[in-house]
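Some notes on the structure that comes next.
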Amino acid sequence: MGESTTITHAVLTIAAILMATLFVTVVIGQLNSTLNSISISMKTRSDLYRLSVAIVHASLDKQTNTVYVYAKNTGDVAYSDLGNVDFIVTDYNGRTFYLSTRLGNVTVKEYGSQPGVFEKGETVLFELALSGTYTPPLEVKLVLSNGYSTTCTVG
């Protein structure tokens, strides 16, 4: 009876060690995954805070129904999604126009060296083609795909 007790204890000890090792492996794996997710989220949020765009000039051409918006990247990072910039234009009477570089009613003219990238310090001209009637002045809101926005009044 002494030998079977010793063997039982040995088997139970080995099983307990295997279960503890498995548990620790799963916990460390999940902890590593969680830490990676937090790190990526913090980097994304940090880049968002380092991005800054200022509208340096805006004008309205009433004859062609075009709003010209000059924007400058005044932040520390480049913005690489110029094909995905939205504009919300509201006139004096509250009529709202939605324009986007994706829809083709906004033309982008870059003055930097890399096409499609809003480089640090670069100025970009956005030409917004308005359709229909509107009453000036217009409030123009520029919205980037990451949620950053800035507003100006024109006209």
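Laboratory data are not the source of any read-out in this text; all were calculated from the coordinates shown. Treat the numbers as computed from the prediction; the structure is a model and nothing was measured. Here the Cβ is made from the backbone with ideal geometry for all residues, glycine too, and neighbour counts use every protein chain on show.
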*Cut-off 12 Å between beta-carbons: net charge of the residues surrounding G121, Lys and Arg +1, Asp and Glu -1*: -1
*Spatially proximal aspartates and glutamates relative to K62 (Cα-Cα < 17 Å; intrachain offsets below 8 disregarded)*: D91, E127, E139
_With +1 on the Cβ of every Lys and Arg and -1 on the Cβ of every Asp and Glu, and nothing else charged, how large is the dipole of the chain about its Cα centre, in debye rounded to the nearest 20?_
180
*asked:* Just to confirm the number: angle between the C-alpha axis of helix 2-50 and the first principal axis of the chain, 0 to 90 degrees, nearest 10?
replied: 10
*Percent RCO, i.e. relative contact order, over the chain, from Cα pairs under 8 Å lying at least 6 residues apart*: 22
*With labels modelled as points extended 7 Å from the Cα through the Cβ direction, what inter-label distance (nm, one decimal) is found for E127 paired with I7?*
9.0
*asked:* Could you tell me the extents of the chain's C-alpha atoms along the three principal axes, largest first, rounded to whole Å?
replied: 104, 35, 22
